[in-house]
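So the structure is just underneath, and the comments pick up after that.
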Amino acid sequence: MDLLGNVLWGPDWSEVRAQWMLDPEVAHLNHGSYGAVSNPVFERQEEIRRSAESNPHDFFLRKLYDQIDAARSIAAEFVGADLHSFSFIRNTSLAINAALRSIDFERGDELLLSEHVYQAVYQAALDLERRHGVRMVEIPIDIGWSPSEIQDAFLQGVTVKTKAAIVDQIASPTGLVFPANEIVQGLRSKGVITIVDGAHAPGMVDLNVKELDAHFWVGNFHKWVCSPRGAAGLVMDEEASHFFRPTIISWRHQEGYPNSVAWQGTDDYSSFLTVPDAIRFMSSLDWDRARRHNRELAAWGSELVSRAIGEQPVQFYPGTAEAMGLIRLPKGLVFDHGSARRLDIEISRSLKCEVRPIAWRDGFIRVSAQVYNCPDEFERLADGLPEVIRQLR
Ligand SMILES: Cc1ncc(COP(=O)(O)O)c(C=O)c1O
């Protein structure tokens with residue numbers, strides 16, 4: 001694909017795009033799911049791996065903890081957390097599972113979440129429901145609602161039985177930005193344990209996790225900070241750090257959090273060590289410029305594609321959408337995992353576009369915009385999607 005340029009970014013966009021090894025034939029419009037690592041950061045990780053292989057004993061026994069600590073302090077500062085409250089963890093799934101298992105739920109207790117919750121997190125909640133009799137309370141929240149409407153709806157779900165809540169910061173199926181600070185504050189005042197799923201937050205929005213003041217917060221660096229995969233940050237307040245039970249009990253367990261999660265068994269820890277490089281690389285592009293670009297491109301692109309397939313563009317309340325946009329699909333096209341997969345495969349095969357069809361409500365496509373994307377890629381999707389839909393109906 002001949003990517004001509006990007007007026008939304010500016011004349012230096014080709015140089016930015018060249019920093020990623022992404023296949024130029026493909027429109028990569030799904031940064032949100034798996035991220036994408038820039039070349040310099042990829043090379044830095046290779047360097048770390050090489051150095052580890054030159055003397056594994058020296059690397060693991062003598063160097064690793066100090067190096068992780070150095071990376072931790074940069075990562076903690078980036079998300080606005082105190083160093084003692086922050087640890088690296090592989091991913092958001094692991095952190096949320098560990099948080100849920102650390103809470104002493106009793107039969108009949110309620111776990112509050114919204115219908116925008118990430119499906120794998122929903123499965124973890126469902127497991128609690130089935131195995132321990134915890135009742136999941138799922139709050140419907142419409143796109144287009146203002147932050148205060150979202151906040152009110154969420155908090156109205158609290159009852160005397162609500163033990164804990166999972167609050168999305170930026171939702172997976174819809175990209176909706178939740179007023180997480182206000183929701184956490186409201187939940188805290190009612191004595192509810194708060195778990196904030198900030199998987200998409202690092203890099204997509206400015207963070208001050210200390211001020212957010214949740215019991216548990218987790219965010220992925222491998223999404224919008226473009227670090228290597230397997231690098232998330234977990235932050236806990238004092239209270240949670242006392243009742244937290246790491247999923248893997250290992251060497252440093254007796255030291256308590258955060259050291260108790262520093263070693264999770266023999267593994268490749270290079271993704272943690274590369275997080276500072278990823279932060280530096282993305283900062284060098286200018287976060288404000290990147291965020292403005294991504295927000296505008298996601299909004300423009302999703303509206304363009306929506307109109308092309310004859311659907312009403314999805315209207316977010318101002319300030320509740322960032323780098324991910326939604327395209328409403330004709331009813332009946334995407335309604336479960338299988339139908340979403342069928343559309344995904346067909347769009348990829350015939351248009352060479354990677355997007356995320358989502359079986360949320362009546363079916364949507366979620367598109368992402370990262371700095372390496374450009375309007376041409378959305379135009380390709382807009383040009384080809386009507387025919388793909390016609391063929392599948
Ligand atoms: C909101 C949300 N929570 C959790 C996850 C899971 O992240 P991971 O696969 O890194 O565990 C994702 C991944 O897309 C997500 O979007």
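The values are calculated or read from the model by the stated rules, or taken from the named source; none is laboratory data. No experiment lies behind these values; they were computed from the predicted model shown. Note that each Cβ is placed from the backbone with ideal geometry, even for glycine, and that neighbours are counted across all protein chains shown. SASA here: full protein model, heavy atoms, side chains in, ligands and nucleic acids out. Shrake-Rupley method; radii C 1.70, N 1.55, O 1.52, S 1.80 Å.
Taking the Cα centre of the chain as the origin, how large is its charge dipole in debye, to the nearest 20, when only Lys and Arg (+1) and Asp and Glu (-1) carry charge on their Cβ atoms?
Numbers: 40 positive and 54 negative charges, 173 e Å.
In total the dipole reaches around 840 debye.
Counted residue by residue at 0.36 nm each, then reduced by the alpha carbon distance between them, the extension gain from ASP213 to ALA120 reaches 31.1 nm. Grouping the Cα pair distances of the chain into 20 Å bins from zero gives a pair-distance distribution of 28, 57, 16, 0 percent in increasing distance order.
Where the centroid of each part is defined by its Cα atoms, how far is the range 151-217 from the range 330-366 in Å? Each part's Cα centre sits 28 Å from the other's. When both bridge partners sit in the chain, DSSP labels roughly 50% of those beta bridges antiparallel. Holding the Cα-Cα limit at 30 Å, pick out from LYS190/LYS210; LYS163/LYS331; LYS331/LYS352 the pairs that are longer than that. As for pairs spanning more than 30 Å Cα to Cα, those are LYS163/LYS331. Here's the picture: charge each Lys and Arg Cβ at +1 and each Asp and Glu Cβ at -1 in the chain, and of SER250, TRP13, GLY233 the one pushed furthest to the positive end of that dipole is SER250. When the P(r) is computed for the range 17-173, the part past 23 Å accounts for 59% of the Cα-Cα pairs.
If you wrap a convex hull around the alpha carbons of the range 26-108, what volume per residue comes out, as a whole number of Å³? Mind dumping the intermediate values first?
Values: hull volume 16.1 nm³, N = 83.
For the range 26-108, the hull spanned by Cα atoms encloses 194 Å³ per residue.
So, by mean Cβ neighbours within 10 angstrom, what's the order for 306-316, 167-177 with the highest one leading? If you can, show how the numbers build up before the last one.
Numbers: 306-316: 15.7, 167-177: 25.0.
With the highest mean Cβ count within 10 Å placed first, the list reads 167-177, 306-316.
Compactness check for the range 14-56: Cα Rg over 2.2 N^0.38 Å is 1.48.
Going by the alpha-carbon gyration tensor, a ≥ b ≥ c the square roots of its eigenvalues, is the range 233-364 rounded (a/c under 1.5) or, if a/c is not under 1.5, prolate (a/b greater than b/c) versus oblate? It is prolate, given that a/c is not under 1.5 and a/b is the larger ratio.
Around GLU129, under 15 Å between beta carbons, what's the net of Lys plus Arg minus Asp minus Glu among the other residues?
Working: positive: ARG101, ARG107, ARG130, ARG131, ARG135, LYS161, LYS163; negative: GLU106, ASP109, GLU110, ASP127, GLU138.
With Lys, Arg at +1 and Asp, Glu at -1, the neighbours total +2.
In terms of the mean number of neighbouring beta-carbon atoms within 10 Å, the peptides 86-98, 119-131 order highest first as 86-98, 119-131.
Given the -39500 (n - 2.57) contribution per DSSP H run of 4+ residues, what per-residue ellipticity at 222 nm results for the chain, rounded to the nearest 500 deg cm²/dmol?
Numbers: 16 runs with 170 residues, N = 393.
Roughly -13000 deg cm²/dmol at 222 nm, from the helical runs in the chain.
Pull out a ≥ b ≥ c, the square roots of the eigenvalues of the alpha-carbon gyration tensor of the range 288-393, then state rounded if a/c is under 1.5, prolate if not and a/b is larger than b/c, and oblate in the remaining case. Since a/c reaches 1.5 and a/b is larger than b/c, the shape of the range 288-393 is classed as prolate. As a rough guide to protection, the peptides 105-116, 254-265, 27-38 ranked by mean Cβ packing within 10 Å, highest first, stand as 27-38, 105-116, 254-265.
Around the amide H of TYR269, modelled in the peptide plane, lies no amide H under 5 Å away from a residue 5 or more places distant or on another chain. How much net charge surrounds ALA76 when only the other residues with a Cβ under 11 Å from the Cβ of ALA76 are counted, with Lys and Arg +1 and Asp and Glu -1? Once positives and negatives cancel, what remains is -1. Rolling a 1.4 angstrom probe over the protein heavy atoms with all chains in place gives the chain an accessible area of 44 Å² per residue.
For the chain, the share of accessible area belonging to carbon and sulfur comes to 48 percent (1.4 Å probe, ligands and nucleic acids excluded).
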